[in-house]
1. Filter region 120-137 for residues that are within 21 Å of the chain's Cα centre (by Cα) and either in a loop (DSSP other than H, G, I, E, B) or in contact (Cβ under 8 Å) with a residue 60 or more places away in the chain (or both) and give the result.
2. Looking at the structure I just gave you, is Val80 surrounded by 13 or more Cβ atoms within 10 Å (Cβ to Cβ) and either of a type in the set (D, E, K, R) or touching a residue at least 60 places away in the same chain (Cβ under 8 Å) (or both)?
3. Testing Leu43 on (1) modelled with pLDDT of 95 or more; (2) exposed (fewer than 15 other Cβ atoms within 10 Å of the Cβ); (3) not basic (Lys, Arg), one condition comes back false. Which one is that?
4. Which one is surrounded by the fewest Cβ atoms within 10 Å (Cβ to Cβ), of the residues in region 101-122 that are under 21 Å from Leu7 (Cα atoms) and basic (Lys, Arg)?
5. Has region 60-67 got any residue that is loosely packed, with under 14 Cβ neighbours inside 10 Å, over 23 Å from Trp50 (Cβ atoms) and not polar (S, T, N, Q)?
6. What number of residues within region 138-167 satisfy the criterion of being among the polar types (S, T, N, Q) and part of a helix (DSSP H, G or I)?
7. List every residue pair whose Cβ atoms lie under 7 Å apart, where the two residues are 6 or more positions apart in sequence or sit on different chains, the first residue falls within region 138-164 and is farther than 12 Å from Trp50 by Cβ, and the second residue, located anywhere, is aliphatic (A, V, I, L, M) and part of a loop (DSSP other than H, G, I, E, B).
8. Could you check region 123-181 and list, in sequence order, the residues that are among the charged types (D, E, K, R), within 23 Å of Val23 (Cβ to Cβ) and loosely packed, with under 14 Cβ neighbours inside 10 Å?
Amino acid sequence: MRRPVELIVKYRASVGLLCLIAVLIVARPNARSIFIGFLFILLGVFFRAWAAGYIDKNRELATEGPYALTRNPLYFGNFVLGLGIAIASNHRVGYLIFLVFFVSFFTFLILLERKRMKAKFGPVYEEWAKTTGLFFPRIRRIKKFDFNISYYMKNREYRVLYFSLFVIAVLIVKFLLGFHA
């Protein structure tokens, strides 16, 4: 079983990129879909950036900020961002590609991450997990704001912003060139 796990983890970004290219190929954006999709993309980018500023990967368990709302804020941010791209693409096949990719990879990755975190942080993880949503954020008041820009930079989260802006630019160009609904 170890080999399939390694393959899924290793190739998720490559498969994701191929899925994105397919979505961009089938896309038939219009001004409305681009605008609404862009709002979702920005929300996803924000959620990921917020989470990246709280996580010192593999060193300590992040439980504040977005991690007080969901155990997987980076994956939730990916979901919102991907949904935004699907909305902006304005094509049913784009939604289908996004959903199949997300469910296929991220459901598995969340389970894998959960197992790894339990092993690494034990009872501290278990206690935190009891009060924190697995994927969708639980709405509650955030008690502590300790966003750390150095974590954000160390995690290279700015690449997600640049990449997202590039995707929107491609969809805008496609719209302007007449490849729209």
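The values are calculated or read from the model by the stated rules, or taken from the named source; none is laboratory data. Note that this is a predicted model, so its numbers are computed, not measured. Counting neighbours? That spans all protein chains shown, and the Cβs are built from the backbone with ideal geometry, glycine included.
1. Scanning region 120-137 gives Thr132, Gly133, Leu134, Phe135, Phe136, Pro137.
2. no
3. It fails just one condition, (2).
4. Lys115
5. No, that holds for no residue.
6. Residues flagged as among the polar types (S, T, N, Q) and part of a helix (DSSP H, G or I) within region 138-167 amount to 2.
7. Taking only residues 6 or more apart or on different chains, the pairs are Arg138/Leu69; Arg140/Leu69.
8. Arg159 - this is the single residue of region 123-181 that is among the charged types (D, E, K, R), within 23 Å of Val23 (Cβ to Cβ) and loosely packed, with under 14 Cβ neighbours inside 10 Å.
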